[in-house]
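The values are calculated or read from the model by the stated rules, or taken from the named source; none is laboratory data. Being a predicted model, the structure only gives us computed values, none of them experimental. Cβ atoms come from the backbone with ideal geometry, glycine included; neighbour counts cover every protein chain shown.
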Amino acid sequence: MSNNQLYPFERNRYYRGKELASADFQAEQNYSINKARFMNSLMYGSGIVCGCGVFSLDDLSILVESGVAIDGTGREIVIESSVVKKLSSIEGYDKLKSTMASLLIKFKETNVHPVYSVNRDDNGEEYEYNRIKEGYELYLVDSEDYEEGYDVETEFLSRENIFTGNDFIGDIIVPNTACKGRNYKITLEIKKISKADSKLSCHAVLEVPAFFTAKGEKELEINVDDLVLAEGEVYTKEFWVKLDKTDSINSEIILKSGSATAFESDKAINAAASFSIKIRLTNASPVELVNRATAIMNLEMRNIGATDAIKLADIKLVRSEGTYIIEGISEIGIKKYISAPSQELLKSRYLEYFVKDVDIEEKKVQVDDGAKNMRPVSGGADLSKSFATGVLEIPLGKNARAGDIRYSGEIAHGLGKGNVYVSIGYEYISSDKALGANARNTIYGNPELFSKQSGQAVDAETAVRVLNDKGSFVVAAKLLRDVDYLVLQYRWVAIKFASGDDTDAVDYFYDKSITAETPTVVMGPKENHFFGVRFNNMKNCSITYELTAPASGEITADGIYTSPTKEGVYEIRIYCTDMPVVCTYAYAIVKKNVDDNAPDGDSSNSSSNTLGATLNDLKMDIPDLKMK
C-alpha cells in the first residue's frame, strides 16, 4: 500500500535576501494542498459527494454522470461533465476474468501546456510542462479482487459465534457499552460461506439480566426459519431491548446453556453450548458514547484505512463471442456517500415521507374505568406525579357481625415515599332516572347524610393509616350492622403534598405484583444462577436484589447469584427499586453433588419443584425459612 501520509506540515520561512528556487515554490504549494486534503480526509472521509451516476446506454457502452468524490487521502475527484465510454476502452477491461466487474475511479494528475525551457542545463529537456491538470481515471477490476479500504475496528462492538456449519456461520454482535435507561440493539449476523444449495434454521435464548424486552421479559428468543442465501451474502436480524436504570456498572449477556440449535437443510450443525458477553453500563448518552468511539481512532489507524479508489458501480456481464455484454448495473449498496451540510435540509424533507411524528391524540389524558392508568394532560402539569386513585376491596368472610373490624391489605398508592393524603369513599350502584339506567356513585365523608336520599344503608365506618416511609396505606372498616355479603368496596384517592425532600413520583403499581421465574433453585457451591423476574399486570421497573442473611453468597445488581461454599437454604429478596412494597422472594438450596441427588430433569432450572419437596430430599439440618 502506498504511503498516503500528508503530514508533518512544513512551510516556507521568508527573510530579506532569501534566494528562492523551484523547490521553495513547490514547498509552498505542497503545504497548502496537503493541509486542505488533510482536513478533507478528517472531516468528510471518502466517498461520493454528489452525482457520479452510472447507466447502461447499450450492451457495450456506459454513461458516467458528472459529479464529485473524495478519496481516502482527501483529494477531490471532479468529473466536470458526463462522459460516455465503451466498456472495452476502460482500463482493466482486457484483464477481467469473471462476469462481475467493479467500476472504480481514482485521482490522476497530468502534465499539460509544454513551453520552451530557457534556463535548462546541458542535460535538461528542451521543453517543460507549464501546468499540472487534476483529473480522474476510470478502470475496471473483477469484483472479487476489489479491496475495500481497511476498516480499523475500535472496541465499540463485541462479537460471539453462535453456530458454525459447512454452509453458514452465525454471530451475535452487540455494543460493549450500554446507556442506562436507553434502548440497546442485539444483532444476529448470518453469512453464507459456500455455494451449496442449503437452507438454515436456528434457535437460541439470550439471558439479559440488566435489560428487558418489549414484552417485559429477561430472556430474548432468537429464531430464524428456512433462510436461503447466496454465497457471500449476509443476513442480519435486529432485536431490541432496554436497559434498566441501575446502579451497577457492569453486566452480561448470556447464551442460555443448551438453548442454541442450528440446522442446515434439517441436518444439525455445531452450535455454541454457552457464552457470556461482558457489557459495561454507563450514564453517558448514546451521542456521547458514539462520539467518543468514533473520535478515538488515532492518525496512524486512519492512514491504514485510506484508499485511493472509489467504487462507482458493480457491472454484471455476459460473455459473448470473445467480448462482454452488459447485463445490468448496480449502484444501491455499492456507493459510499459523504453527507454534505448543504444537503441536510433536502434530506430532512425527504425523510418526512418515512418518519411519522407522534400522534397528538396520544398526548391527551387517557383514564380507564378503574383509573389504574393515568397519563399527563397535554400542555399542563403531570398530575400522575401528585395524584392517584383506584378501587379497593375489604374481605369480610362469612357471618360478619356488627362490631367486627376488618382490614385491607397493604396498598401501594404509587406516589412514592413522603407526605401523602389518602381518602376513601363508599362506592355503590343505583338507578338514575335522568339517565334511565344504573349509575355509579361514590360518597366521600359521612355516608349517613345521603342514606335517606340514596336508600343505601351504611354498613361500616372506616379509617386510613398511611405508611409514609413505604409509599402505601391500609384501610380499616368497623361493621355497624350484621351483613350477609363477603366484600366491602371503596374508591380511594391519594394526593401527595409537595416537599423538597420528596423524590420524583414513580409509576402507579396498584394491584400489581412481581414473581421470580424460578422461585426455588438447587445448585452446587460457588455456582451461578440468574433470577429472572416476571411482571404481573404492570410494566417493567427497576429491580433490586438483596440477600436477607449474612454469608448467603453474592448477588449482583442484575440478579446473578453466586452460591456460598456452605450447604444450606438461602433467601433472596427481590423488589421494585422505587416501590419496595412490591416484592417477592426466591430461595437457593445449596448442596454438594446436585446431579446425584436431583430428581429426573433439570431441577435447578425448573420452577415446578416445590420448596418443601426439595427440602425433604436434602435430609440435612436447615435453618427455619421465612415463608413469604
| said: If the requirement is being touching a Lys or Arg at 6+ places or on another chain (Cβ under 9 Å), on the phi > 0 side of the Ramachandran plot, modelled with pLDDT under 90 and surrounded by fewer than 16 Cβ atoms within 10 Å (Cβ to Cβ), which of these qualifies: Asn593, Asn537? | reply: Asn537
| task | Filter segment 212-249 down to residues that are of a type in the set (D, E, K, R) and touching a Gly at 6+ places or on another chain (Cβ under 7 Å) and give me whichever is modelled with the highest pLDDT. | result | Glu219
| query | What do you reckon, is Val141 exposed (fewer than 12 other Cβ atoms within 10 Å of the Cβ) and at pLDDT 90 or above? | reply | no
| said: Take Val118 and tell me if it is over 15 Å from Ile310 (Cβ atoms), in a strand (DSSP E or B), free of Cβ contacts under 8 Å to residues at least 60 places away in the same chain and in the same structural domain as Gly45 (by TED's automatic domain parsing). | reply: no
| request: Pairs only if they're at least six apart or on different chains, beta carbon under 7 angstrom, first in segment 46-60 and of a type in the set (Phe, Trp, Tyr), second in a strand (DSSP E or B); list them, first residue then second. | output: Phe55/Ile62; Phe55/Leu63; Phe55/Ile329
| How many of the residues making up segment 541-568 are in contact with a Gly (Cβ under 6 Å, 6 or more places away or on another chain), not in a strand (DSSP E or B) and not small (Gly, Ala, Ser)? | 1
| request: Consider Thr462 carefully, then state whether it is outside the structural domain of Glu410 (by TED's automatic domain parsing), at pLDDT 80 or above and surrounded by 13 or more Cβ atoms within 10 Å (Cβ to Cβ). | output: no
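One line per residue, one yes/no per condition, for (1) under 30 Å from Glu76 (Cα atoms); (2) assigned by TED's automatic domain parsing to the domain that holds Ala271; (3) touching a residue at least 40 places away in the same chain (Cβ under 8 Å):
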| position | (1), (2), (3) |
| --- | --- |
| Glu126 | no, no, no |
| Asn161 | no, yes, yes |
| Thr164 | no, yes, yes |
| Ile173 | no, yes, no |
| Lys192 | no, yes, yes |
| Ala210 | no, yes, yes |
| Selected residue (only one of Ile132, Ile77 is part of a strand (DSSP E or B) and either exposed (fewer than 15 other Cβ atoms within 10 Å of the Cβ) or touching a Gly at 6+ places or on another chain (Cβ under 7 Å) (or both)) | Ile132
| request: Filter segment 201-215 down to residues that are exposed (fewer than 15 other Cβ atoms within 10 Å of the Cβ) and among the small types (Gly, Ala, Ser), then give me how many there are. | output: 1
| task | Tell me which residues, restricted to segment 507-534, are crowded, with 20+ Cβ neighbours inside 10 Å and touching a helix residue (DSSP H, G or I) at 6+ places or on another chain (Cβ under 6 Å). | result | Thr520, Val521, Val522, Met523
| remark: Expected output for segment 9-36 (first residue surrounded by fewer than 10 Cβ atoms within 10 Å (Cβ to Cβ), partner among the hydrophobic types (A, V, I, L, M, F, W, C), Cβ below 9 Å, 6+ apart or cross-chain) is Tyr14/Leu20
| said: Asn303 - would you say it is exposed (fewer than 12 other Cβ atoms within 10 Å of the Cβ) and at pLDDT below 80? | reply: no
| task | Output the residue which, of all residues in segment 177-192 that are surrounded by fewer than 15 Cβ atoms within 10 Å (Cβ to Cβ) and touching a Phe, Trp or Tyr at 6+ places or on another chain (Cβ under 8 Å), is farthest from Glu221 (Cα to Cα). | result | Asn183
| field | Odd one out for Val174 among (1) among the aliphatic types (A, V, I, L, M); (2) under 15 Å from the mean Cα position of the chain (by Cα); (3) assigned to a loop (DSSP other than H, G, I, E, B) | value | (3)
| Hey, Ser102 in contact with a helix residue (DSSP H, G or I) (Cβ under 6 Å, 6 or more places away or on another chain), farther than 30 Å from Ala284 by Cα and not aromatic (Phe, Trp, Tyr) or not | yes
| remark: Going through segment 575-596 in order, the residues found to be more than 13 Å from Thr520 (Cα to Cα) and in a strand (DSSP E or B) are Tyr575, Cys576, Met579, Pro580, Val581, Val582, Cys583
| message | Please go through segment 1-29 and give me each residue that is part of a loop (DSSP other than H, G, I, E, B) and of a type in the set (Phe, Trp, Tyr), ordered by number. | response | Tyr7, Phe9, Tyr14, Tyr15
| request: Out of the residues in segment 466-506 that are in a strand (DSSP E or B), at pLDDT below 85 and loosely packed, with under 15 Cβ neighbours inside 10 Å, state the one that is nearest to the chain's Cα centre (by Cα). | output: Gln489
| message | Only one of Ser88, Ser102 is closer than 26 Å to Lys335 by Cα, surrounded by 14 or more Cβ atoms within 10 Å (Cβ to Cβ) and either among the polar types (S, T, N, Q) or not assigned by TED's automatic domain parsing to the domain that holds Lys336 (or both). Can you tell me which? | response | Ser102
| message | Can you report the number of residues in segment 30-67 which are in contact with an Asp or Glu (Cβ under 9 Å, 6 or more places away or on another chain) and assigned to a loop (DSSP other than H, G, I, E, B)? | response | 5
